[in-house]
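Q: Let me give you the structure first, and then I'll get to my questions.
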Amino acid sequence: MLELRNIVKVYQGGTVNETCLFNGFSLTIPDHQFVCVVGSNGSGKTSMLNIICGSIPIDEGQVFIGGENITHMPEHRRHRRIGRVYQNPSMGTCPSMTILENLSMADNKGKPFNLTRCVNRKKMDVYRDMLAQLGLGLEDKMGVLVGNLSGGQRQALALLMSTMTPIEFLILDEHTAALDPKTAEVIMQLTGRIVAEKKLTTIMVTHNLRYAVEYGDRVLMMHQGHAELDLAGEARRALRVEDLLQRFNEISVECGN
């Protein structure tokens, strides 16, 4: 279970541009839940992910994973329990290394390398089988530099790498936003399959309202640092794209836009 308790986050504190994004924000996500998060720019979506991952500090409040207080745990230690896929396909992989080397690095996450070789060639068949399941032909390109792959191929690889080792949470930060529509569909289908097979607790931020309706079992709509909408169960199953779009328009009118 993930818990955010009474989070306060102020940007540019003590200046004329001071902005309080979160003021007592709380959120609980049970194990194995797939949460889709939508909201306008500046609503707090990515900041919430950064707080969970430890990428940015908070001013007040606490963060718990599985009952353990990780509020002051550094980012690199949290990543032993959290996998993250970013919007930019280049952020989850190393372009100057081959597919094999990238997979080997991901497979060794949290383990000491010492003076041993990073690449374990005994596991090449295992990696090849994992890549084959992506359906992108990457199993025949293990010696290719990742920087030479397409954006969709890199994002599929980043998704695979983020879930290779046992993790408790998968964080998806608009991971299809930089892809063309056809490739985005492939990545989303792959996402749904991996989340279901590994039973991962997942938080996916997306601007695609259809994905928010078609995937996951809970929808959050963020607005000015709070959850404007929080639907699960029967209410979530009855949700339509038109419902989300209508609420977006209502918020826009309320804000004077």
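Q: Got a sec? Which helices (runs of 4 or more DSSP H) wholly within the range 118-213 have at least 1 residues that are within 15 Å of the chain's Cα centre (by Cα) and of a type in the set (Ser, Thr, Tyr)?
A: Details: elements: 124-132, 151-162, 181-198.
Passing ranges, in order: 151-162, 181-198.
Q: Of all residues being part of a strand (DSSP E or B) and farther than 24 Å from residue 168 by Cβ in the range 22-41, which is modelled with the lowest pLDDT? Just the residue, please. Give the derivation first.
A: Just the residues of the range 22-41 that are part of a strand (DSSP E or B), to begin with: 22-29, 34-39.
Next, only the ones that are farther than 24 Å from residue 168 by Cβ stay: 23-24, 39.
On the way: 23: 95, 24: 95, 39: 91.
So the residue we want is 39.
Q: I would also like to ask the following. Given the criterion open to solvent by less than 10 Å² (accessible area, probe 1.4 Å), more than 18 Å from residue 201 (Cβ to Cβ) and not hydroxyl-bearing (Ser, Thr, Tyr), identify the matching residue among 99, 70, 65.
A: Selected residue: 99, the only one of 99, 70, 65 that is open to solvent by less than 10 Å² (accessible area, probe 1.4 Å), more than 18 Å from residue 201 (Cβ to Cβ) and not hydroxyl-bearing (Ser, Thr, Tyr).
Q: What number goes with the only condition from (1) open to solvent by 30 Å² or more (accessible area, probe 1.4 Å); (2) farther than 30 Å from residue 229 by Cβ; (3) modelled with pLDDT under 90 that residue 153 does not pass?
A: (3)
Q: A follow-up question, please. Hey, can you tell me all the residues within the range 37-82 that are charged (D, E, K, R) and either in contact with a helix residue (DSSP H, G or I) (Cβ under 7 Å, 6 or more places away or on another chain) or closer than 16 Å to residue 227 by Cβ (or both)? Step through it out loud before you land on a result.
A: Applying the first criterion (charged (D, E, K, R)) to the range 37-82 yields 45, 59-60, 68, 75, 77-78, 80-81.
Passing the criteria: 45, 75, 78.
Q: Can I ask one more? Is it fair to say residue 205 is closer than 20 Å to residue 162 by Cβ, open to solvent by 30 Å² or more (accessible area, probe 1.4 Å) and of a type in the set (A, V, I, L, M)?
A: Working: closer than 20 Å to residue 162 by Cβ: yes; open to solvent by 30 Å² or more (accessible area, probe 1.4 Å): no; of a type in the set (A, V, I, L, M): yes.
Here the answer is no, as residue 205 does not meet what is asked.
Q: Against the condition at pLDDT 95 or above, closer than 30 Å to residue 130 by Cα and open to solvent by 10 Å² or more (accessible area, probe 1.4 Å), how does residue 193 come out, does it pass?
A: Values: at pLDDT 95 or above: no; closer than 30 Å to residue 130 by Cα: yes; open to solvent by 10 Å² or more (accessible area, probe 1.4 Å): yes.
Taking the combined requirement at face value, the residue does not satisfy it.
Q: Counting just the residues of the range 208-231 that are within 25 Å of residue 5 (Cα to Cα) and free of Cβ contacts under 8 Å to residues at least 60 places away in the same chain, which one comes out most open to solvent (accessible area, probe 1.4 Å)? Can you show your working first?
A: So in the range 208-231, the residues within 25 Å of residue 5 (Cα to Cα) come out as 212, 216-231.
Now drop any that are not free of Cβ contacts under 8 Å to residues at least 60 places away in the same chain, which leaves 229-231.
Working: 229: 42, 230: 76, 231: 36 Å².
Selected residue: 230.
Q: Taking the range 47-101, which residues are polar (S, T, N, Q) and not in a helix (DSSP H, G or I)? Don't jump to the end; show me each part of the working.
A: Keep residues of the range 47-101 that are polar (S, T, N, Q), which gives 47, 50, 55, 62, 69, 71, 87-88, 90, 93, 96, 98.
If the condition is that a residue be polar (S, T, N, Q) and not in a helix (DSSP H, G or I), then 55, 62, 69, 71, 87, 88, 93, 96, 98 are the ones that fit.
The values are calculated or read from the model by the stated rules, or taken from the named source; none is laboratory data. As the structure is a computational prediction, the values presented were derived from the model and not from experiment. For neighbour counting, all protein chains shown are included, and Cβ atoms are generated from backbone atoms with ideal geometry for every residue, glycine included. Keep in mind that these areas ignore ligands, DNA and RNA; they rest on the heavy atoms of the full protein, side chains included. Shrake-Rupley method; radii C 1.70, N 1.55, O 1.52, S 1.80 Å.
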